[in-house]
Amino acid sequence: MSNNRILTFFALSGIILLIFIFKRNAINLDIKEIGDFTNIFTSIVLEAIPFIILGSFISAIIQIFISDEFIVKLIPKVNIWGYLGSALIGLMFPVCECAIIPITRSLIKKGIPVGLGVTFMLSVPIINPIVIMSTYYAFYDKQAMVILRIAGGFVSAILIGIIVNALEEKKECIILNNIKNDYYCNCGCNNSFVNENKFKAIFEHTNREFLDIMGYLIFGAFISSTFQVISSQGEFNFIFSNKIFIIIFMMILGFALSLCSEADAFVGRSFLENYSFSGVAAFLILGPMLDLKNLVMLFGTFKKSFVFKLVISTISVVFIICCLFATCGI
């Protein structure tokens, strides 16, 4: 299933769900609420666009000019330092989310231990300068959220990598054998540009990646804005009153919206008025690690048994960490 089909499916599902909610609760929007929706939607999209462009451009440069072999050399082979290095390597190579799974597959094929590959795959979409900068900009007056996201993402990625590595003790090949290409991303470009103008390839990749991400951003901004309007009428008070429900709800939302980590902070910011810090942190940590479009790519890249272990480990670790945040009163 392509990303466009995934987006269409969830867009239709989201619209049907919203219509059901409106009908069930007899919600009638007046001019003020329509204006609130427009303001929230516009601010999310406009604030996110510069970071999407910058992230797509830098990601394209890295994918075209930086080889897998170079990344392999940078990751320490000693376990503890290897996990730390894998978790922090995104600070030097902020790769787009759609490319992280194929790159991880390539690294594992070149001999990187599974646990280090998983840590790399889960941390890079969070621990990279573009995402940190966009999160800081979105939460300029709530800088604790930046720390929660970075610390939560960093610790989660390492713990999940260790757990998955322990679960894969048999050291069997986890990569599907029926993969016939080495595509780095879902925009249709290939990692080999030997016979092409590399600067032209950079702009082509940036353009395709930008358009792909914008589709998810617009859908996410629409859902987020609608929730804010509905929430103002008190329809979700049963969720707001329980921090555990908030965490679960926001994890589901982060998975379903499939937002790019360069833009999801602006959607997360719009939820902060009604949700706790720990709930929004769950949205910002789980979304980049595991969302619908990445899950489809995982099943198309790795064996099902490995994907199931990875999914369960990711959900469990992120949930526990965010519950710890809630327990600390965050």
### Summary
Of the listed residues (Val229, Val307, Val280, Val317), the one being within 14 Å of the chain's Cα centre (by Cα) and either surrounded by fewer than 24 Cβ atoms within 10 Å (Cβ to Cβ) or touching a residue at least 40 places away in the same chain (Cβ under 8 Å) (or both) is Val280
### Summary
Of the residues in the stretch 106-122, those that are farther than 10 Å from Gly82 by Cα and touching a Gly at 6+ places or on another chain (Cβ under 6 Å) come to Leu107, Ile108, Val118
### Summary
Per the list (1) surrounded by fewer than 24 Cβ atoms within 10 Å (Cβ to Cβ); (2) among the small types (Gly, Ala, Ser); (3) at pLDDT 90 or above, residue check on Ala265 breaks on (1)
### Query
Is there a residue being more than 18 Å from Val72 (Cα to Cα), within 17 Å of the chain's Cα centre (by Cα) and assigned to a helix (DSSP H, G or I) anywhere in the stretch 102-118?
no
### Message
Among the listed residues Ala151, Ala157, Ala138, Ala99, identify the single one that is aliphatic (A, V, I, L, M), at pLDDT below 80 and within 17 Å of the chain's Cα centre (by Cα).
### Response
Ala99
### Residue pairs meeting the criteria (Cβ under 7 Å; at least 6 apart or on separate chains; first over 10 Å from Asp291 (Cα atoms), in the stretch 248-264; second of a type in the set (Phe, Trp, Tyr) and modelled with pLDDT of 90 or more)
Met250/Phe283
### Count - residues of the stretch 315-330 that are in a loop (DSSP other than H, G, I, E, B) and of a type in the set (A, V, I, L, M)
1
### Task
Could you please give the count of residues in the stretch 43-85 that are over 18 Å from Leu211 (Cβ atoms) and of a type in the set (Ser, Thr, Tyr)?
3
## Note on the structure
In the stretch 76-124, anything of a type in the set (Val, Ile, Thr) and more than 22 Å from Ile58 (Cβ to Cβ) is listed as Val78, Ile80, Ile108, Ile112, Val114, Val118
### Query
Do we have Ser276 as more than 20 Å from Val118 (Cβ to Cβ) and of a type in the set (Ser, Thr, Tyr) here?
yes
### Query
Just a yes or no: is a residue in the stretch 283-303 aromatic (Phe, Trp, Tyr), over 20 Å from Phe219 (Cα atoms) and in contact with a strand residue (DSSP E or B) (Cβ under 9 Å, 6 or more places away or on another chain)?
yes
### Query
Only one residue in Ala138, Ala99, Ala87 is open to solvent by less than 20 Å² (accessible area, probe 1.4 Å), of a type in the set (A, V, I, L, M, F, W, C) and in contact with a Lys or Arg (Cβ under 9 Å, 6 or more places away or on another chain), so which one is that?
Ala138
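The values are calculated or read from the model by the stated rules, or taken from the named source; none is laboratory data. Since we're looking at a predicted model, the values are computed, not measured. Positions of Cβ are backbone-derived with ideal geometry, glycine not excepted, and every protein chain shown enters the neighbour counts. What goes into the accessible areas is simple: the full protein's heavy atoms, side chains included, and nothing from ligands, DNA or RNA. Shrake-Rupley method; radii C 1.70, N 1.55, O 1.52, S 1.80 Å.
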